[in-house]
Amino acid sequence: MTDISLTHITPMAVMSIVISVGVAFLIHWALYWIALRVARHSRIEPVLLPAIFQPTRWLVVLLALGAGLKSIELGDRVEDIWAIGARMIFALLVGWLIFRLMRAGKAMLEARADISVEDNLKARRQRTRVGILYRIAQCIVGFLVIAMMLIAIPGVRTIGVSLMASAGLAALAVGAAAQPALKNLIAGIQMAFSEPIRLDDVVIVEGEWGRVEEIRLTYVIIRIWDDRRMVVPVSYFLEKPFQNWTTKTSDLLGTVFLHVDSTADVERIRARFVAAVQANSRWDGRVAILQVTDHRADALELRGLLSARNAGIAFDLRCEVREAMLAFLRDEMPEALVRGRQRVEAGEGLAGLGLTRPSDAAG
């Protein structure tokens, strides 16, 4: 029968373990206190030290506990269990530390990328790339930590070696079953560097206008203008056409279409359009023009171009200028409104148009 008992455990040995763990706590606290004082007078980010406090404390305790147990003679079975458990706990704590460091690094990079400013293209690009790479790193680190914990178990390690022969077939089966997920995962990695979209980009997807609210590892969340959310696979943005209104800059041109009578004074309407745009605080001062873009049998089509700092402001500016122009045409130029015309040839009279005189109708 395997000996699983603890041997030669004396009060002094237990006391030495307790003292070593207590000293580890004190040393860790002292080093952390010193690091905080140094960080206040240097360029060390304030989120870094709190992020590593808990993982490093328990790593120090684990090392101290391992050193203290060396003074105790354990049974062979207990020593094996402790060796396996210590390696698994060490891998778990190191993984925890790496996760906390990655989260702190992500927070530091996002703090430097302020997307609340008007010209936020660079910040949105940085946040998008950081977010995608952070999620990919999470998957990789999590996989490695689990692998290291399993490798610490001799039986599992032996089984893993014996299953290497069938790993190829298993990989093919898993790859075939998880093809959509792998496709979107690879697309997410590609999108982190090709950047067809970024956080807060204004896009039109499947005929819906919205902003990129969140980019996950395999899907993207689009916030539609009416606060609905559209969930789109990442691969969509690499395989299908879509509109991105903020690829290079958030500045945007908007259009206002007016239809007026063919005899309307276009110069007067143009002057009023430019004045209405320039008087609006939403205009960014770049573009304000009005042109005749089409001539139909019954009307002229006028297209006004105006510019704004972003898509949301451009939409409001278009609506306000359109309202101002319609009020101007109604109140000051009613003759410019579209009218229907008919030509009456000599001799046709009312009968030629299929109409009768009021007196005939009364009779």
So, of the residues in the range 246-269 that are open to solvent by 60 Å² or more (accessible area, probe 1.4 Å) and in contact with a strand residue (DSSP E or B) (Cβ under 7 Å, 6 or more places away or on another chain), which turns out to be modelled with the lowest pLDDT? 251
Hits in the range 214-241 - residues which are free of Cβ contacts under 8 Å to residues at least 12 places away in the same chain and of a type in the set (A, V, I, L, M, F, W, C): 221
Output for the range 201-217, where each listed residue is in a loop (DSSP other than H, G, I, E, B) and crowded, with 18+ Cβ neighbours inside 10 Å: 201, 217
Quick check: is even one residue across the range 133-151 more than 30 Å from residue 108 (Cβ to Cβ), aliphatic (A, V, I, L, M), more than 28 Å from the chain's Cα centre (by Cα) and modelled with pLDDT of 75 or more? yes
Taking the range 87-119 and the residues there that are open to solvent by 70 Å² or more (accessible area, probe 1.4 Å), in a helix (DSSP H, G or I) and more than 27 Å from residue 22 (Cα to Cα), the one that is modelled with the highest pLDDT would be 103
Among the candidates 27, 84, 9, 34, which residue alone is at pLDDT below 80, surrounded by fewer than 17 Cβ atoms within 10 Å (Cβ to Cβ) and on the phi < 0 side of the Ramachandran plot? 9
Take the range 283-324 and flag every residue that is aliphatic (A, V, I, L, M), open to solvent by 60 Å² or more (accessible area, probe 1.4 Å) and not in a loop (DSSP other than H, G, I, E, B). 289, 292
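The values are calculated or read from the model by the stated rules, or taken from the named source; none is laboratory data. What you see is a predicted model, and the numbers here were worked out from it, not measured in a lab. Please note: Cβ atoms are built from the backbone with ideal geometry, for glycine as well, and neighbour counts cover all protein chains shown. The accessibility values were calculated without ligands, DNA or RNA, using every heavy atom of the protein model including side chains. Shrake-Rupley method; radii C 1.70, N 1.55, O 1.52, S 1.80 Å.
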